[in-house]
Amino acid sequence: MLCFFLQISRYSIYKGLFLSRNVVKTITFARFLSYLTMKNLFLALFLLVVLICRAQKFDATKQYTPIAVGFWNLENFYDTLNDPLKNDEEFLPTAKYNWDSKKYYTKLDHMSDVISQLGTDATPDGVAIMGVCEVENHSVLEDIVKAPKLKARNYKIVHVEGPDARGVDVALLYNPKYFTMISFHSYHLKLVVDSTHTTRDQLLVSGKLLGEEFHFLVCHWPSRFGGGLSEPNRIVAAKLGRKIIDSILHVNPNAKVILMGDLNDDPTDVSIKRDLNTTGKEKEVKAPLLYNAMEGLFKKGIGTLAYNDNWNLFDQQIMTPALINGDYKGLHFHQAFIFNKPLVLIENGKYRGYPNRTFSQGAYTGGYSDHCAVYSVLLKER
């Protein structure tokens, strides 16, 4: 029975009573206690179990600062100008999608709206770290961070023009209030299937998050175009990601690293389970295993994109053991979420409940993205 309570504790407390939308900068069990009444005997017992068995993580006399880390595939976010060095011809005012300023600014409003909401159930400042992919250039990123709903956060941009054949890149946005960047590096990936085709880089950003050494690896692995024949490309992408993480752990075995991105594979696929070497069970996390914060959600049938009435969960956040088993006075993982509120989903019709896309079957539909955003909440003792 105690083990059962432990397994559900993180999920029950966080979204239920532990973090309401009115909670601001700190989380305390003392505050949680105020919710309890004589009618909540089960919750009282549950709290007692947590305090006894997880006292190292939650202490009624201490406070915790939450940090939110997000990721989102922005689905073909191009500007309206022709770049002769990129394959962006479809996204011009006179081209296939009639991609004009009106559509661009509608998309911009959608993207900034969702990003502004991510993580605000934990902290009013929302995501301190935001990885994105499928964005054309630095100019588009500048428009995002300067949008009215995000401007006050003063997000900074880390972006390197990559070699992708479609001209889209990965990037990282960060709030300098919480994160100080020290260095970044973009790693090229050479495909094994159709090696003449170029794909997205993997972007490593290192710095201090609330004063702690942190590393974020933002990825957009090769697509599933071609079916099973494309799998070797994602395997080499996983091996590159693992090599980057291992190089960091070689210097500091307790380094805190989060790999995040659209991996174009599910948490249980071979590229992730074998080549990244992940587990979805916290109790199993021990070097060299990495923790996949999204595996548990996927096994419950929850995803970030849908196809033929099946959900996939390609958008993931994968963490080194120090975020799971480390010193709880430092930042540690608390819970992962998928942003699947009604505003980003189709309301009616055949595809009701699917992500509300910007484009569908070759036509502009005015939605948000074909992927739902994801985010994780980390806690640090104050």
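Taking only the range 331-353 into account, find how many residues are among the small types (G, A, S) and either at pLDDT 95 or above or within 19 Å of the chain's Cα centre (by Cα) (or both).
Residues of the range 331-353 among the small types (G, A, S): 336, 349, 353.
Right, trim to either at pLDDT 95 or above or within 19 Å of the chain's Cα centre (by Cα) (or both) and you get 336, 353.
Looking only at that region, the number is 2.
Can you run down the residue pairs with Cβ atoms below 7 Å, 6 or more apart or on separate chains, where the first is in the range 357-382 and of a type in the set (D, E) and the partner is part of a loop (DSSP other than H, G, I, E, B)?
Listed by first residue and then by second, the contacts come to D370/R357; E381/K62; E381/Y328; E381/K329.
Does N340 count as surrounded by fewer than 21 Cβ atoms within 10 Å (Cβ to Cβ), under 26 Å from K243 (Cα atoms), of a type outside the set (G, A, S) and out of contact with any strand residue (DSSP E or B) (no Cβ under 6 Å at 6 or more places or on another chain)? Please lay out each step first, then the result.
Values: surrounded by fewer than 21 Cβ atoms within 10 Å (Cβ to Cβ): yes; under 26 Å from K243 (Cα atoms): no; of a type outside the set (G, A, S): yes; out of contact with any strand residue (DSSP E or B) (no Cβ under 6 Å at 6 or more places or on another chain): yes.
No: the conditions fail for N340.
Which residues, taken from the range 166-190, are surrounded by fewer than 14 Cβ atoms within 10 Å (Cβ to Cβ) and in contact (Cβ under 8 Å) with a residue 40 or more places away in the chain?
Across the range 166-190, the qualifying residues are K177, K190.
Any chance the range 291-309 includes a residue that's assigned by TED's automatic domain parsing to the domain that holds I129 and under 23 Å from H250 (Cβ atoms)?
Residues of the range 291-309 that are assigned by TED's automatic domain parsing to the domain that holds I129, as a first pass: 291-309.
Going one step further and asking which of them are under 23 Å from H250 (Cβ atoms), we end up with 291-292.
Yes: the range 291-309 contains one or more residues that are assigned by TED's automatic domain parsing to the domain that holds I129 and under 23 Å from H250 (Cβ atoms).
Which one of these does P222 not meet: (1) modelled with pLDDT of 95 or more; (2) of a type outside the set (G, A, S); (3) touching a Pro at 6+ places or on another chain (Cβ under 6 Å)?
The one condition P222 does not meet is (3).
When you scan the range 297-304, do you find a residue that is β-branched (V, I, T), under 16 Å from the mean Cα position of the chain (by Cα) and either buried (at least 23 other Cβ atoms within 10 Å of the Cβ) or modelled with pLDDT under 95 (or both), even just one?
At the first step, the residues of the range 297-304 found to be β-branched (V, I, T) are 302, 304.
Still in the running and under 16 Å from the mean Cα position of the chain (by Cα): 302, 304.
When the remaining residues are screened for being either buried (at least 23 other Cβ atoms within 10 Å of the Cβ) or modelled with pLDDT under 95 (or both), the result is 304.
Taking every residue of the range 297-304 in turn, at least one turns out to be β-branched (V, I, T), under 16 Å from the mean Cα position of the chain (by Cα) and either buried (at least 23 other Cβ atoms within 10 Å of the Cβ) or modelled with pLDDT under 95 (or both).
From the list N356, N325, N277, which residue is at pLDDT 95 or above and either outside the structural domain of K243 (by TED's automatic domain parsing) or on the phi < 0 side of the Ramachandran plot (or both)?
Details: N325 fails: at pLDDT 95 or above; N277 fails: either outside the structural domain of K243 (by TED's automatic domain parsing) or on the phi < 0 side of the Ramachandran plot (or both).
Answer to the selection: N356.
The values are calculated or read from the model by the stated rules, or taken from the named source; none is laboratory data. Everything numeric in this text was worked out from a predicted model, so none of it was measured. All Cβ positions, even for glycine, are placed from backbone atoms using ideal geometry, and neighbour counts span all protein chains on display.
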